[in-house]
Structure formats: structure tokens, C-alpha cells
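The values are calculated or read from the model by the stated rules, or taken from the named source; none is laboratory data. In this text the structure is predicted, and so the values were computed from the model without any measurement. So basically every Cβ, Gly included, is an ideal-geometry build from the backbone, and we count neighbours across all protein chains shown. With ligands, DNA and RNA removed, areas are computed over all heavy atoms of the protein, side chains included. Shrake-Rupley method; radii C 1.70, N 1.55, O 1.52, S 1.80 Å.
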Amino acid sequence: MVRLFTRSGWLALVVLALLLPAGAQVDVRWIQASPAESVWMDISPAGRWMTFGQYFNTLVYSLPDRQLVRVLRGAPARFVGSRLLAVRTDKGLELRDMPSFRLVKRLNAGAPLQASRDGKYMLTSAGEIQLWQVTPPRLIYSYIRRYSESVALTADGRLLFVLRDSGMIEVRSTADGRLVRQFSAVDTGDLAVSPTGDRFAIVSARQVAVCRGDNGQLLYSFATDYWPPFVMQFSPDGNYLAAGYGMYYETGWWRLWRLSDGALVAGETYPFTSENEVWTLAFSHDSARLYMQFPYRTEVVDTHTGATVEEWHHPSNRVLGFVANDAWLAVANREGISLYSVADGSLARRYVLSHMPVTNVISPDGRVYVNYPYNDGITVFRLNDEGSVSQMLSLPLFPQTDLDEPRYFQMNTDGSRLFVLDTMDRLYSVDVAGGSPRLLAERVKIFDIVPDGSLAVTLEDEVRVRRVPDGVVVRSFPAGDDIAVLDGGRSLLIAYSYSTTDTYATYRLLLHDLQTDNLLRDGFISVPKELSAYGGLHRHLRVSANAEVIAVTVAVPAEVDKRTDVYTWNPVSGEVRLVARWRDGFGGQTVHFGRNSNQLAIAGRTFFAVADNSYAGTSSLYLNIWMDGWLGETPEHLRYTVRSPQKEDCVDPGYARSRFANGRYRRR
């Protein structure tokens, strides 16, 4: 028996079936990640480890060699002493042993804010502030924090500072949470405290006030540029204070002050740009270095001289897909093209090419690369076996040619033919050896090709199969909403809009034999209605080469939880079943299926991973719910929560919807 809460009260529901799939979680084979766009940073007290926290993942690096040793699901993360790492996950706050990363304990606690150097105390936040004794775990003190209030734990673990919105600072003992002293603060704002609590700093509109920790007396008032800092931290020895600011497309700045005399050691104010914003910062364990994280680089400053001693650049990667019979995964960034082994994630080949990868494609054999960087024509490169890059072709655009700005590329297997869909909805075929674009079709919404490039399938006012290079139509189908050439060019999938409710759109999936037009499979799939408005269905739906697994990425503003729904399409019955739902870091990201359907790649903004495609034949994730006496449209406010009976873990929270196309429940 489960209960659903609606606006009208509690409704008793009978659960008829709940079959959780064995492959509900992503079966990741390997993952590569970049610290780009990290919003949290921490360094272990002994200086052996460093973490970069993104919104859903935590990257752990060894120091001083800066080698990536682990990617953890969940963020943020904080070192709790030198032997524990606390990571906030969807299952709770996990304490992991270092360096084995073995799970030691899982607490029902929020995100880790701070921890004492000796690992005895930890401060967490999830609606309320909680002060924990770590070993054995014990909640010492908690309170509901108001929006304008701030809290900080001393690194020696003795004191907890709480800045109330009334302007009073409470200093509490971590041993038992009792009030040690309180006094009036010079201002209200974000709070940072020195390792021993002898000083604290408060952020106000355009200044940072440094005060005595025993009575709140003002010691220094440091001016800041433009905006108050986002991040602020005392050094482990208490001799320095660092602060920084940055948002998307704002004026970024950072400052480093010496607290013995209040002198400004170093600082910088950057122009209005998206790449010079300080998102987070941390001091080295010995206070000799200040690490500052910008969107795409980490800058290291010597705290004694204020000089920048190192810059660590983090290019943003763009996954191009599987190449060379799925042996490699191709990835492009500003510095070139990398081919990673699908088996173990090792770097198989690296091509150095300084460019801006915006609209690009790589041939399925991994030997030809095409890029359009928005500021020049289309350039075709040969990727040679020895790792060098040579230019094969440069295609000028309008007015030199009829070809307008490209918005989508495809290439045949050996890279001898390039297909370009431009912003005027015209599809061109380009013989790479000859170099002249040839018009295949106009008013094209999307297209796909067979692997050898001899046929192109276009979605126009109807679906047309065109011969290449003359563009002659050899067969046609009624217009649909999405198309895909599958199974090595032997079959064609067409998705047709079937029915729509206020929240969901149902599509009919028809799989045809591309040579004979015979219907091979017929099925239905329902997706959130908003997907059609944000780039169209083809931007969100990916199908495996054998058409047995379908991934739908749900990542639109109207959806609070960004996720990927994985379905299987039975080749015999045609039934489409939901078998998995990914959230956190993997959910809502782009999915690339391999050509042999045995693996898939997940491409995020700052990571990419290869996983086994083991979903075919997986049990359904459907939850059948019957409501006594109900007959009518599905209520928009109806919510459900699915929980594991063994662990009480929340498997899936979301909105209820009907299994029937007309959006109705039937009477029991």
C-alpha cells in the first residue's frame, strides 16, 4: 500500500506491479572529466589530495602531480581530516575512506560546508544547519537558518560562529553546542572565520570587514571592486585572507590580503567576460599557495610574493561519437582532437589542432575531421596515422558560394563525402576530393544518411529518400517529427505525433525496411510535451543501431529534474517499456550509441563516459496504480514517489501520468 498526496487529501492506492530494472543505474565502464566550471574546491589538511566539485560530480586529484584518481557521483565534497572525504549524494551524506574511497558511513545529513582539520567535527546544511561529531556520528547542534544568516566552523574544531540576521554573532562550543559568547557584528553578510577563531570576516556591500573573534572589534576594512565576493577564506595558518567574485558575464575580481598589517598582497580585476570570473578558491595546506578556480582554468598564486606561479587550463570538450568500428571515442576541444579507447578510456591518439570546435563532425572511420568555427569557412582536415593533421579542403560560404552558414554536418564512413544542412534549410552534398557543394534538397528540417553516403533521408513536407549526388527521390513516406537511419543503413525509423495531453506527447514509432518499405516494427512512446518546443523531438531522442534501446533526454526549463529516460523497444511485440531513469550527473546529458549497439557514450559539459548498453530485455520500470472510483483526466497536481522496500531509498519521484493515450485512468 502506498499513499499519494493531492490537493484534495490522501488517496489510498493499490500497487499492482513494481518491477525495478536490473540496469536502472548507468553501468559506466570509464569516465573522463575536466575541472572546468567547478564551483567547489577543497584541499586535504596534509596536502595530498584536491577536489573539484561540479554540480553533480566530484573530481579527486592527487598532489603535487595533479593526477585525476577518482570521479565520484555527488557534490559538494569536503575533506574531514586527512582520512575521510564527505560527499553529498542523492542517497545522503557519504563518508569515504582516503585513499581507498571505501564507503565508511552514510548519514542523513545535508551538504558538507566545513570540517575541522582533525576530522572530529563537520558542519552540514540541508534546510537546517547541523554540527556533527564525526566518530562516532552524533548530531551536536542544529538550527533552521534564515536566508541572510551565515555560519562558520573554526579549523581547529573548537568553535562555531553563527551570524544571525539580527546582527548578533553567537560563538558556540563544538563539544556540546552551548553558547560561549555573543556580541554585535559590524555588519551582516557572508561569514568566514580564522582557524583558531581569533578573527572573523564579514562581507558587506563593497567591503570586507575583519574583526576580533572575542568581542567583534573592527580590525581592518578592505575595499572590494564592483560586487561583494562570492567566496572568501582564511589561510590555514591564519595569516592571509582571500576573496573573489564572478558570475556568468560579470566583472570578475580577486584579492589576497596579509592580516599581520592589513596589506594587499595581490589582486586583479578582469574585464567583462565569461572566462575571468572567480568561482571558488582554496589555500594549500601550508598556506604557501592560493588556488583560484575560473570557469576554464585554475590559477595558482604565491601568497608571499603575490605572483602567479602556475596556470592549469581546462578546455571544454565536445564528444563527436564512436569511430573506427566503435574502437575509439572521438572528442574535440580547442587544443585538438583526441581518440580514447572504448575498452578502458586510455588515450589512443592525439591530434594537435588549435581551433574553436563549434559545428563539427568526424568521419566514422576516424580519419577525416570537419569544423566550422563561426568566423570562417568550412575546413576539412585529414587525421594521419602518425598523429599529424593536414588540411584537405576549405569551403567558402555565401556570397562566394551558395552555401550559407552550416548548422549540421554528417559524413559517410570513409570521409569522402560531406553533407551540410545550412541555416536556409538547404541540404548540400560535398565531394571532399572535388570540393564543390551540390544541392540535394530545400526546406529540409533534419536529415540522416546511410553509412556509405549513397542515400540521404530528408524530413521535408514528407519524408524522402534521395539518391546521392543527384538528389533524385527514390521513395517517400508521410511527414513525421523525427527520422533516423539505423542498422547500418538497412532500416529507417520515423516518429509521428500521435496524441497530446497538457503534460505529455505520445509518438508512434514506425520502423521500415529502407530497401523494401516493409514495416518491421510499430510502437508508441510518451515524452514530456515541452521537448517538442525546445529544439524538436530529434534534439532529445537517441536510438541504438538495432532500434532496441531508446534514450530520451529531459533537460528543458519547465522540467525541474533533468533526467534521461531509457526505454526498450521489443523487436517482436513492438512494446516500448521504460526500464531506467538517470538523474544526477548522467541525466539530461547527450547520449551517443555505438554502431554495434553494445555500448553508449554520455557527454556532459565537463565530462564524458562510456557505458555498457545492457538494457535490452530489462524488466519494466512501470508502476501500475489503481485509484478506487476514479474516472477522468489525469490530475495535473498528482505526484508519486517510488521507494525501494529493502532500503527505503527513493527510486523515482515525479508526476503521475496515464498509460493510455487519451490521458485517462480507468475505473477499477
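Observations on the structure shown:
- Along the axis of the charge dipole computed for the chain (Cβ charges of +1 for Lys and Arg, -1 for Asp and Glu, origin at the Cα centre), the listed residues Pro76, Val278, Ala263 are led at the positive end by Pro76.
- Using a probe of 1.4 Å, the accessible surface attributed to His304 totals some 140 Å² when neighbouring protein chains are kept in position.
- In terms of packing, defined here as the mean over residues of other Cβ atoms within 10 angstrom, the peptides 487-499, 407-419 line up highest first as 407-419, 487-499.
- In Hz, Karplus ³J(HN,Hα) per residue of region 587-604 (6.51, -1.76, 1.60; θ = phi - 60°; x = Gly, Pro): x, x, 9, 5, 10, 10, 8, x, 6, 9, 6, 8, 9, 9, 10, 10, 10, x
- Computed over region 443-595, the convex hull of the alpha-carbon atoms projects to a mean area of 9.3 nm².
- For region 256-397, the mean projected area of the C-alpha convex hull, equal to one quarter of the hull surface, is 11.9 nm².
- Accessible heavy-atom area order of Arg206, Arg466, Arg96, highest first, probe of 1.4 Å: Arg206, Arg96, Arg466
- Cα-Cα separations in the chain greater than 35 Å, expressed as whole percent: 52
- Modelled label positions at Ser497 and Asn596, each set 7 Å beyond Cα in the direction of Cβ, lie 4.0 nm from each other.
- Separation of the Asp156 and Asp65 label points, Cα + 7 Å toward Cβ, nm: 3.6
- Under the convention that each Lys and Arg Cβ holds +1 and each Asp and Glu Cβ holds -1, the size of the dipole of the chain around its Cα centre is about 2120 debye.
- Those lysines that a straight Cα-Cα span of less than 23 Å connects to Lys445, excepting residues fewer than 8 apart in one chain: Lys529
- Alpha-carbon centroids, region 283-338 and region 166-217: separation in whole Å: 36
- Convex hull of Cα atoms in region 264-315, direction-averaged projection (nm²): 3.8
- Per-residue HN-Hα couplings for region 239-244 [Karplus 6.51, -1.76, 1.60; θ = phi - 60°; Hz; x = Gly/Pro]: 8, 9, 10, 10, 9, x
- Treating r as the C-beta distance of Asp522 and Leu179 and R0 as 51 Å, the FRET efficiency rounds to 0.15.
- Value of Rg/Rh across region 33-73 [Cα atoms, Kirkwood radius]: 0.94
- Span from the region 89-124 Cα centroid across to the region 430-450 one, whole angstrom: 55
- For the chain, with +1 on Lys and Arg beta carbons and -1 on Asp and Glu, the positive-most of Gly238, Val39, Phe381 along the dipole: Gly238
- If you sort Glu462, Glu268 by accessible surface, 1.4 Å probe, largest first, the order is Glu268, Glu462.
- For region 376-470, the Cα-based Rg and Dmax, in that order, read 13.5, 46 Å.
- Sequence-distant residues sharing a close amide H with Leu320 (under 5 Å, placed H): Ala330, Val331, Ala332
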